[in-house]
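Here is the structure we will look at.
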Amino acid sequence: MSSKPPVPTRTRSQALQLSAERFFPGGVNSPVRAFRAVGGAPPFIQSAAGAYLTDADGNRYIDYFGSWGPMILGHALPPVVEAIQRAAANSASFGASTAAEVDLAERIVACYPAIEKMRFVSSGTEATMSAIRLARAATRRKIIIKFEGCYHGHADGLLVKAGSGLATFGIPGSAGVPEEVAGLTHALPYNDIAAIEAAFDAHPDVIAAVIIEPIVGNAGCIPPAPGYLAALRALTRREGALLIVDEVMTGFRVALGGACQLYEIDPDLITLGKIVGGGLPVGVFGGKRKYMDQLAPLGPVYQAGTLSGNPLAMAAGIATISYLQAHAEEIYPQLEATSKAVFEGVAAEAVAAGVPLTTNRVGSMGTWFFTPDPVTNYEEAAKSDTAAFGRFHRAMLDQGIWLPPSQFEAAFLSTAHGKEEIAATIAAASQAFKFVQGE
Ligand code: KE4
């Protein structure tokens, strides 16, 4: 067995972790950051620039989780930083309407023609939660369909696991979610149109909406099967249920117009987050005017938020989206080329090391699944060797490559990832695969 890569000094991060555990459960403000799925103690980040993170002990890492998606332009891109600084000089928040909200909305509509009207919120969870409330009001129906492996934030009705049978209602996916609430949601297999047909047949005229990650990112990356999304659109239209496409992760990521552009989907409602805020807290839900105008103050559906449309978040979003709009013709082909190079390069090192690996990727989001078999739904993703992934993750981290700390998360590249970062990542993978086969 080759000698393992030396573990960098992380004493300051370790001390910070102990302090953090006094205040936050697990020492974190979002569970996945705790590294429970991969083991070891998470480094604390001090700063970041371009494709690189620097931890509290001065160790540098090439960043492949990009704040879980937002940092498509890399960290601290000057026009984004300057826009936030200018906005901050005029106060951080007003709680009143601003021109910046109109500016960002105009840019979003230009990229998402299916969005006739929208509302800003402060997270993806708020966006999907509000879209579902709107869908229930618009259809006067209660049941929601989601898909196993898809995550749409932590609203009660979306923390639901599949029941015992396909046509049975969901069961709570978290403590604290009442069965009565979980029972209003179906969790079906992804990429299985027959399962949705069966659910509509078993429960006619009561399904308010189907919410889907058009490309799954939260089970690791799982692309839609050819024709799946089009079939889902036709089925929901036929059955009078709204189609909510959750582009919180894929929006502006896989194309300027997201998966809706890539797969030519015309949903009833779309949710956005992450990139649209340029790293500051922004969520969006929007869609057809006939639904959106049912929101207060025009209609009976209540939804509100103290920091919705926050001026600093709008400034970061405008700077990010306007940069993407101005440079889309070179950015998306560049992201495709760099992502293809690194995903295929790492996969080739797995073959050389005799490590079973399946690679799923759409543009600059992708996952290396530690399984020899295709991954087309959550059940297949769950067959991955998560212990092997954990060993790989640690060996990559100790060589300065920071992958998302879970087999069931997507990795992301940014426009700041270039030839040097790709070469370093592939070289580190060549070493890391030597430790994957077992301690
Ligand atoms: P937030 O509430 O975390 O802003 O967004 C929820 C959400 C909604 N929809 C999709 C498709 C999402 O991916 C997310 C959040 N994604 C996770 C990463 N897989 C956020 C990271 C975390 O939970 O810390």
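The values are calculated or read from the model by the stated rules, or taken from the named source; none is laboratory data. Since the structure is predicted, the reported quantities are computational estimates derived from the model, not experimental observations. With ideal geometry, Cβ positions are generated from the backbone for all residues, glycine too; neighbour counts draw on all protein chains shown. Calculation scope for accessible area: heavy atoms of the full protein, side chains included, ligands and nucleic acids excluded. Shrake-Rupley method; radii C 1.70, N 1.55, O 1.52, S 1.80 Å.
Do any trypsin sites (Lys or Arg not before Pro) in region 117-214 lie in a DSSP loop with no more than 11 other beta carbon atoms within 10 Å, and if so, which?
Within region 117-214, the qualifying trypsin sites (Lys or Arg not before Pro) (loop, at most 11 other Cβ atoms within 10 Å) are R140.
By how many nm would the segment from T9 to D205 lengthen if fully extended, with 0.36 nm per residue of separation less the alpha-carbon distance?
Between T9 and D205, full extension yields an extra 64.6 nm.
For region 166-248, just say rounded, prolate or oblate: build the C-alpha gyration tensor, square-root its eigenvalues into a ≥ b ≥ c, call rounded for a/c under 1.5, and beyond that prolate if a/b exceeds b/c, oblate if not.
oblate
Given R₀ = 51 Å, FRET efficiency for Q294-A424 by Cβ-Cβ distance, to 0.05?
Computed FRET efficiency for Q294 and A424 comes out at 0.50.
Only loop residues by DSSP count here, and only those with at most 11 other Cβ atoms within 10 Å; note down the chymotrypsin sites (Phe, Trp or Tyr not before Pro) in region 249-303 that meet that.
Of the chymotrypsin sites (Phe, Trp or Tyr not before Pro), the ones in loops of region 249-303 whose Cβ has at most 11 other Cβ atoms within 10 Å are Y302.
Once R0 is set to 22 Å, what does the formula 1/(1 + (r/R0)^6) return for the Cβ-Cβ distance between A155 and E179, expressed as a FRET efficiency to the nearest 0.05?
Computed FRET efficiency for A155 and E179 comes out at 0.85.
What does the charge add up to near P204, with Lys and Arg as +1, Asp and Glu as -1, over the other residues with Cβ less than 14 Å from its Cβ?
That works out to -1.
To the nearest 0.05, what FRET efficiency results for D103 and S19 with a Förster distance of 45 Å applied to their C-beta separation?
Efficiency computed from Cβ-Cβ geometry: 0.65.
For I62, what charge total do you get from the other residues with a beta carbon under 11 Å from its beta carbon, if Lys and Arg give +1 and Asp and Glu give -1?
In short, -2.
How much accessible area per residue does region 175-258 have, counting only protein heavy atoms and a probe of 1.4 Å, in square angstrom?
Per-residue value: 29 Å².
Strictly over 29 Å apart at the Cα level, which of K4/K274; K146/K290; K274/K434 would you flag in this model?
Cα-Cα > 29 Å for K4/K274; K274/K434; rest within.
Could you work out the relative contact order of the chain? I mean the mean sequence separation of Cα pairs under 8 Å and 6+ apart, divided by the number of residues, in percent.
Relative contact order, the chain: 22 percent.
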